[in-house]
Amino acid sequence: MAESEEPEREEREEGEEEETEGVEAEGTGEEVSEGEEGGAGGVVETEEYYRIMFPKGKEFRYIFTALANLLQESNLIIDSEGIKMKSIDPSKVSLVILNIPGSGLEEYTVTKELKIGISFDLIKKILKRVKAREKVELGVDTSRNRFFVTIYTKKGREGGFYRRFGLPIINIAEEEVPEPKLEYPVRIRMDMDVFIDVLSSANEFSDSVRFIAKEDTFSIMAESEGGKAIETTYTSSDEVFYEYSVQGSHDAMYSVELLLDFIKPMKQISETVTIEFDNNKPLKLTIDFAIGSVQFYLAPRVA
Amino acid sequence: MAESEEPEREEREEGEEEETEGVEAEGTGEEVSEGEEGGAGGVVETEEYYRIMFPKGKEFRYIFTALANLLQESNLIIDSEGIKMKSIDPSKVSLVILNIPGSGLEEYTVTKELKIGISFDLIKKILKRVKAREKVELGVDTSRNRFFVTIYTKKGREGGFYRRFGLPIINIAEEEVPEPKLEYPVRIRMDMDVFIDVLSSANEFSDSVRFIAKEDTFSIMAESEGGKAIETTYTSSDEVFYEYSVQGSHDAMYSVELLLDFIKPMKQISETVTIEFDNNKPLKLTIDFAIGSVQFYLAPRVA
Amino acid sequence: MAESEEPEREEREEGEEEETEGVEAEGTGEEVSEGEEGGAGGVVETEEYYRIMFPKGKEFRYIFTALANLLQESNLIIDSEGIKMKSIDPSKVSLVILNIPGSGLEEYTVTKELKIGISFDLIKKILKRVKAREKVELGVDTSRNRFFVTIYTKKGREGGFYRRFGLPIINIAEEEVPEPKLEYPVRIRMDMDVFIDVLSSANEFSDSVRFIAKEDTFSIMAESEGGKAIETTYTSSDEVFYEYSVQGSHDAMYSVELLLDFIKPMKQISETVTIEFDNNKPLKLTIDFAIGSVQFYLAPRVA
């Protein structure tokens, strides 16, 4: 059995990632010599190292999965108040606004504003492996310009285990986006699972769905080629609604795929979603979860 | 965030469906003006509108899934007696005969013979979402020439919810098929799951399976290239058999893929299948379920 | 419905297996005339027919799945002591050594050394269908030069059911491989599920992983392009370790895909794995299961 520099497997799939050379041991870099204790979790805590601990892995996992579904990269703004993000997706039809107050997090050591540009591609793969009860720590090392996601057991840093994902902080030029100030005649808070199921059915027929809200019924429709169509209708008194406020009759069309990309992960952390829309106006979804909230705006399609 | 007429996503998959323009609101068409109540479920019930309610979604789902697996389109014959179908698959090696008496259905309002030509492609996607305890209503609107599948909760039309799938009734030219009248020396009624598992194993080896029935054993065999072969044998006294009647020794070969396409969904609605065959004669399967029965004939292959 | 010699389905997938002609009934070959009893399970037991019964299907299934993941073909050596295998994978970076003593098996009738060359391709498909509590019998017919895998219910040959997979014994030229005799400064026995989970995470980042064992911590690291990296670290006192013996600090890099191909199936039959390695030396994994043991050696990669 010879030592091999570049072993190749016969059934190796095409398009696989390039092999990497020279794995750098995260947290045992230049500052730390071999065998030296690098502080809790192996990272030297400096004046320029900031930590944020999420009490449960669940929220972190599903919020960032939803973001990663929409965005390739984004700036997180982390300051003394909390974590904020406001980003437009690459196709420029949706806007997502995230707000997680620092007061609901553990060990929130950020005192000045940090702008953390991150690329989402590998984060998605990491997120899949975060278990609901694990703790997740975000770390920002401003001297090394690196961002860390560290996963601990529910015991936290005392648990004797961590998994650390490190990535460079990148510079992302983002235009300033003002938050839309819109008044809507339709405001419906409904069961999240039902909303996702209705959208998924519609998506079998078309990439576009039509929302029709009347004072007594809410319908979602889609039509495919050849005159095939699907319509799902709920009476306003149905138990799937937690709030139902509609003045008049309103009708708008939206891209269902972006909607599903965003909302599917959110059902893991919220049982309801608030839907607001109007004729030819952006759809607005609001989702409140244990430690914060997210708004999602989606431009209408012209029928 | 600009309003977009044709938004495109960067990672959009190729071969996706064309976007549709102008979704038509099912059941709120020309006859019904905005805001007007369209009768139960939003469809105007006219002299020319016929309804058939399946008491449970389960049978409807799996029978039509089996049909959709075999057929691209077919004529349903619906008359005062019930729902019937007799169709040959596009490769012309199998014949399927469906019979669902109206007496086992709820609200069976059909009094004259209706010939309903339907295309199965999108129906399959709808069927996946029908839950076992939901009610399914078939609707035929002869004036608008449309066929509807409406899904209600188990409360039926009073449930305040419906999902309606509408499609045009199409004109399908089908040759008249006489039902084969064959006498078989082999008649075996056996456990459905076991039969499917044995066929699936054989299908790993070949697209053709050989059935061998003797007075005391029933074997299914398949052979792949390079002399690899699989054989599954049950003694006639085995508990997988509910009926075992074989005179002499009989041996025939059939395409296993068509067989599996048809029979896999049926295991959800029947625990047994009756198998009849003879040397170089079509295989005949009979499956009885709560509200009807289906026969499946499959031409033999010549070894 | 015409009888068809070569039926074709319209949606037939490309690259499907060729249809086979003339399925041979296993165990009812030349020696056995129609209707004659072929001994238990339909195979004539001759002086040259050897049987080995595995008391449970589970071990057989997962060991051979691991082998089939690594190897295309291999020689099993079966003698009066037991079943042995020692094979190098086609890319020549790993060596697997299997040992199953005959004393732990039922009905072990082998008295002389048999060299059984088998090809693994279809075996893998068969293995998927072996249920944990079924019995598996290996049969070697030296006169017909065929190898059989027969699956019975937990009642064994008296169960009235069998599924028999037969394949030709092939002639495989294998170089004699001496078992490596290495002394390792690192010997860690740890939880199998945890080890697989850590490797799977690393595999999201790279095809190469670095193992770093120190006296108080064990880390596995991987790095992808663009400076993204993952590190998982356990303190030596963590409950995932059953044995932790490390002198000094050791560091080596291995291909993670081959590792996972081999080890994933093994978690079904063993709760722990023993890991031994050293700088620039092969990794050695040892897995003990109910009826035997397996060693897996993997050549290091040069960073």
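Numbers for the structure displayed
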| item | result |
| --- | --- |
| Residue list for region A:226-240, filter: under 29 Å from the mean Cα position of the chain (by Cα) and in a loop (DSSP other than H, G, I, E, B) | A:239, A:240 |
| Matching residues in region A:274-290 - criterion: being of a type in the set (Lys, Arg) and either out of contact with any strand residue (DSSP E or B) (no Cβ under 6 Å at 6 or more places or on another chain) or in a loop (DSSP other than H, G, I, E, B) (or both) | A:281 |
| Filter result for residue B:165 (modelled with pLDDT of 95 or more and more than 9 Å from chain C (Cβ to nearest Cβ)) | no |
| Hits in region B:241-273 (condition: part of a strand (DSSP E or B) and crowded, with 17+ Cβ neighbours inside 10 Å) | B:241, B:244, B:246, B:250, B:251, B:252, B:253, B:254, B:255, B:272, B:273 |
| From the options B:150, B:109, residue that is of a type in the set (S, T, N, Q), under 22 Å from residue B:66 (Cβ atoms) and not assigned by TED's automatic domain parsing to the domain that holds residue B:266 | B:150 |
| Leading residue by the ranking (nearest to residue A:206 (Cα to Cα)) among those in region A:218-246 that are facing chain B (nearest Cβ under 9 Å) and among the acidic types (Asp, Glu) | A:223 |
| Number of the exception - residue A:252 against (1) of a type outside the set (Phe, Trp, Tyr); (2) over 21 Å from the mean Cα position of the chain (by Cα); (3) within 20 Å of residue A:179 (Cα to Cα) | (3) |
| Segments classed as strands (runs of 3 or more DSSP E), wholly inside region C:62-105, with at least 3 members that are in contact with a Gly (Cβ under 7 Å, 6 or more places away or on another chain) | C:94-101 |
| Matching entry among B:187, B:164 (being surrounded by fewer than 23 Cβ atoms within 10 Å (Cβ to Cβ) and under 27 Å from the mean Cα position of the chain (by Cα)) | B:187 |
| Failed condition for residue A:137, given (1) farther than 23 Å from residue C:203 by Cα; (2) part of a strand (DSSP E or B) | (1) |
| Scan of region A:252-293 for residues that are within 13 Å of chain B (Cβ to nearest Cβ) and closer than 28 Å to residue A:61 by Cβ, ordered by number | A:254, A:255, A:256, A:257, A:258, A:259, A:260, A:261, A:262, A:282, A:283, A:284 |
| Criterion violated by residue C:170 - all others in (1) away from chain B (no Cβ under 11 Å); (2) over 17 Å from the mean Cα position of the chain (by Cα); (3) of a type in the set (A, V, I, L, M) satisfied | (1) |
| Residue list for region C:75-91, filter: in contact (Cβ under 8 Å) with a residue 24 or more places away in the chain and within 14 Å of chain A (Cβ to nearest Cβ) | C:86, C:87, C:88, C:89, C:91 |
| Qualifying residues in region C:153-164 (those that are touching a Phe, Trp or Tyr at 6+ places or on another chain (Cβ under 7 Å) and in contact (Cβ under 8 Å) with a residue 40 or more places away in the chain) - the one farthest from residue B:229 (Cα to Cα) | C:162 |
| Positions within region B:294-303 being farther than 17 Å from residue B:190 by Cβ and part of a strand (DSSP E or B), in sequence order | B:297, B:301 |
| Residue that is of a type outside the set (Val, Ile, Thr), within 11 Å of chain B (Cβ to nearest Cβ) and touching a residue at least 60 places away in the same chain (Cβ under 8 Å), where the choices are A:208, A:249 | A:208 |
| Considering residues of region A:87-101 that are modelled with pLDDT of 95 or more and either surrounded by fewer than 17 Cβ atoms within 10 Å (Cβ to Cβ) or among the basic types (Lys, Arg) (or both) only, the residue nearest to residue A:63 (Cα to Cα) | A:99 |
| Scan of region B:195-205 for residues that are surrounded by 19 or more Cβ atoms within 10 Å (Cβ to Cβ) and outside any loop (DSSP other than H, G, I, E, B), ordered by number | B:195, B:198, B:199, B:201, B:202, B:203 |
| Test: residue in region A:51-62 that is under 12 Å from the mean Cα position of the chain (by Cα), within 14 Å of chain B (Cβ to nearest Cβ) and at pLDDT 95 or above | no |
| Pair list, Cβ < 6 Å and 6+ apart or interchain, from region A:106-130 residues that are surrounded by fewer than 16 Cβ atoms within 10 Å (Cβ to Cβ) and β-branched (Val, Ile, Thr) to residues that are at pLDDT 90 or above and not in a helix (DSSP H, G or I) | A:109/A:50; A:109/A:51; A:111/A:80 |
| Any hit, region B:165-173, residues being touching a residue at least 40 places away in the same chain (Cβ under 8 Å), polar (S, T, N, Q), part of a loop (DSSP other than H, G, I, E, B) and in contact with a Gly (Cβ under 9 Å, 6 or more places away or on another chain) | yes |
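The values are calculated or read from the model by the stated rules, or taken from the named source; none is laboratory data. Quick caveat: nothing in here was measured; it's all calculated off a predicted structure. Using ideal geometry, Cβ is built from the backbone for each residue, glycine included, and neighbour counts are taken over all protein chains shown.
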